[in-house]
Amino acid sequence: MRPGRSREAIQQVAMALWPLNRLTCDLPAGVAQRHVLIFFQKSLSFYLYSTTISSFLLLSSSITLPPSDLRSQTTMAETTPTSRKPTLFSPYKMSRFNLSHRVVLAPMTRCRALNSVPNQALVEYYRQRATDGGFLITEGTMISPTSAGFPHVPGIFNNEQIEAWKKVVDAVHKQGAIIFCQLWHVGRASHQVYQPGGAAPISSTSKPISKKWRILMPDATYSRYPEPRPLATHEIAEVVEDYRRAAINALEAGFDGIEIHGAHGYLLDQFMKDGINDRTDEYGGSLANRTKFLLQVVQSVAAAIGADRVGIRISPAIDHLDAMDSDPRSLGLAVIERLNKLQFEMGSKLSYLHVTQPRYTAYGQTEAGNHGNEEEVAELMKIWRNSYVGTFICSGGYTRELGLEAVAKEDADLVAYGRLFISNPDLVLRLKLNAPLNRYVRASFYTHDPVVGYTDYPSLEKGSRL
């Protein structure tokens, strides 16, 4: 190939790579080169690949890249009109969705869906927290009758639940917001009282969660977790189908997309973490095997509803519910590498990757183990962020200041807030104004009252509970 034609081809490749979001900008050199190779293999003939790849590597430093205004149109990140650096309140384009700001409602179990059916209390709760152009993720929502681990959590596996969710979604959409349904199976983090026929909960293992942890029972008492039943290899496909069907149901209910809950010691995490997974079949042992279940779920759901309507949540460094891994860094990178590869194969990006910081807390305690100091934790999140090709959401104990910093430093595209959103339905406005925040009442997190501790927190115009 003549030098002039080679340079022209390289320019065309560089232009085509811009929509792949930071492939040649923010990723480490080795990661970027792997993505470039995949792109050539998938998109160009073998001849063009073999004759231009070396030229690409040699000439990349002299390529004239697209102007910044073109880059802003073809990449995922949006900038404000007055500044090149994004803020927590800058607009953002997440796959097909145009967001007006970057404050996300994190998924949080609240136990208000009596008999697992969303009701008017949920309609009001989500409506209060919806903003024009905002993004909400629902509480964990059961994909099947076997997936419950709390009392009165909603499901998305039967017609009654689908119809009930429509009212919630409609209320959110009337506020101009986007809402995803978090698909959830707790696995061994359950009890016979929640299982059909009083059966044992399912998992990757027969090892129960340790005595350190207790499960909330329907009568508001706490009990020990029982011994689970490891899924037989052939049964895993049935659970994958439960996720696929739940995703289809979610779109039927009007949701804009779904989040696959692969974090916090629940079923998919129980397969990924080597501190839990002791299997000897194709789903145990190596990182490739332990991440296989998650990838099968992602593939199945994306094929059913579209990749750009699918988000994934993981927590490689969180040991909530004994979900420990000997090498969280490598586990996170293994998941991300496979998600990146899947996106290339599908020819479409997933909606986002949602990663929980190791400082995540639940039940009033810090559930993460000793994962190093703040600098080490920040570096871990940066490694995952820079390795993932697509929208990156962070969550886990973020304050206003930490959220502003995360977006300003481009450590995350979006920041999900949990407990602060519980007690501040107008959190986006309060964060923007740097206004005082209502204090949350932890004792009402998992009660069943449809108002108290749920929809009775005041907004700014009604006065704050300081």
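The values are calculated or read from the model by the stated rules, or taken from the named source; none is laboratory data. It should be emphasised that the depicted structure is a prediction, and the values quoted were computed from it without experimental measurement. Neighbour counts are summed over all protein chains in view; Cβ atoms, including those assigned to glycine, are modelled from backbone coordinates with ideal geometry. Just so you know, the surface numbers come from the protein's heavy atoms only, side chains and all, with ligands and any DNA or RNA stripped out. Shrake-Rupley method; radii C 1.70, N 1.55, O 1.52, S 1.80 Å.
With respect to the conditions (1) under 18 Å from A263 (Cα atoms); (2) at pLDDT 95 or above, E410 lacks only one, and its number is (1).
Is it fair to say L321 is surrounded by 19 or more Cβ atoms within 10 Å (Cβ to Cβ), assigned to a helix (DSSP H, G or I), touching a residue at least 12 places away in the same chain (Cβ under 8 Å) and over 17 Å from the mean Cα position of the chain (by Cα)? For L321, the condition - surrounded by 19 or more Cβ atoms within 10 Å (Cβ to Cβ), assigned to a helix (DSSP H, G or I), touching a residue at least 12 places away in the same chain (Cβ under 8 Å) and over 17 Å from the mean Cα position of the chain (by Cα) - is met. Within the range 392-450, the set of residues being within 30 Å of I336 (Cα to Cα) and of a type in the set (K, R) comprises R400, K409, R419.
Applying the selection to the range 156-183, what residues are among the aromatic types (F, W, Y) and out of contact with any Pro (no Cβ under 8 Å at 6 or more places or on another chain)? Matches in the range 156-183: F180 only.
Do we have L404 as at pLDDT 95 or above and within 19 Å of E374 (Cβ to Cβ) here? Here the answer is yes, as L404 does meet what is asked. Every test in (1) open to solvent by less than 30 Å² (accessible area, probe 1.4 Å); (2) under 30 Å from K212 (Cβ atoms); (3) among the polar types (S, T, N, Q) is passed by Q343 save one, and that test is (2). Once the range 218-228 is narrowed to residues that are surrounded by 12 or more Cβ atoms within 10 Å (Cβ to Cβ) and over 27 Å from the mean Cα position of the chain (by Cα), the residue that is farthest from G149 (Cα to Cα) is E227. If I ask for residues that are within 23 Å of R313 (Cβ to Cβ) and assigned to a loop (DSSP other than H, G, I, E, B), which ones from the range 426-453 would you list? Correct list: Y440, F445, Y446. L136 meets each of the listed conditions (1) over 14 Å from A106 (Cβ atoms); (2) of a type in the set (A, V, I, L, M); (3) touching a Phe, Trp or Tyr at 6+ places or on another chain (Cβ under 9 Å) apart from (1). Kindly indicate whether E241 is modelled with pLDDT of 95 or more and within 18 Å of Q161 (Cβ to Cβ). When the stated conditions are applied, E241 passes them.
List the number of the failed condition for R385; all other conditions in (1) more than 24 Å from L437 (Cβ to Cβ); (2) open to solvent by 40 Å² or more (accessible area, probe 1.4 Å); (3) modelled with pLDDT of 80 or more hold. Here R385 clears every test but (2). Inside the range 398-423, residues that are assigned to a loop (DSSP other than H, G, I, E, B) and under 30 Å from M217 (Cβ atoms) make up a count of 1. Any residue at all in the range 367-374 that is out of contact with any helix residue (DSSP H, G or I) (no Cβ under 9 Å at 6 or more places or on another chain), more than 22 Å from R290 (Cα to Cα) and at pLDDT 95 or above? No. For the range 232-278, the tally of residues that are in a helix (DSSP H, G or I), farther than 17 Å from V301 by Cα and open to solvent by 10 Å² or more (accessible area, probe 1.4 Å) stands at 3. The residue that is least open to solvent (accessible area, probe 1.4 Å), counting only those in the range 435-464 that are modelled with pLDDT under 95 and among the small types (G, A, S), is G463. The number of residues in the range 110-126 that are open to solvent by 30 Å² or more (accessible area, probe 1.4 Å) and either in contact (Cβ under 8 Å) with a residue 60 or more places away in the chain or under 24 Å from the mean Cα position of the chain (by Cα) (or both) comes to 4. Looking only at the range 131-176, filter to residues that are of a type in the set (A, V, I, L, M) and more than 23 Å from R313 (Cβ to Cβ); which one of those is surrounded by the most Cβ atoms within 10 Å (Cβ to Cβ)? Among residues in the range 131-176 that are of a type in the set (A, V, I, L, M) and more than 23 Å from R313 (Cβ to Cβ), the one surrounded by the most Cβ atoms within 10 Å (Cβ to Cβ) is A164. Of all residues in the range 288-316, those that are touching a residue at least 40 places away in the same chain (Cβ under 8 Å) and closer than 20 Å to V186 by Cβ have Cβ atoms under 6 Å from Cβ atoms of residues that are surrounded by fewer than 23 Cβ atoms within 10 Å (Cβ to Cβ) and hydroxyl-bearing (S, T, Y), 6 or more apart or on another chain, in F293/Y283.
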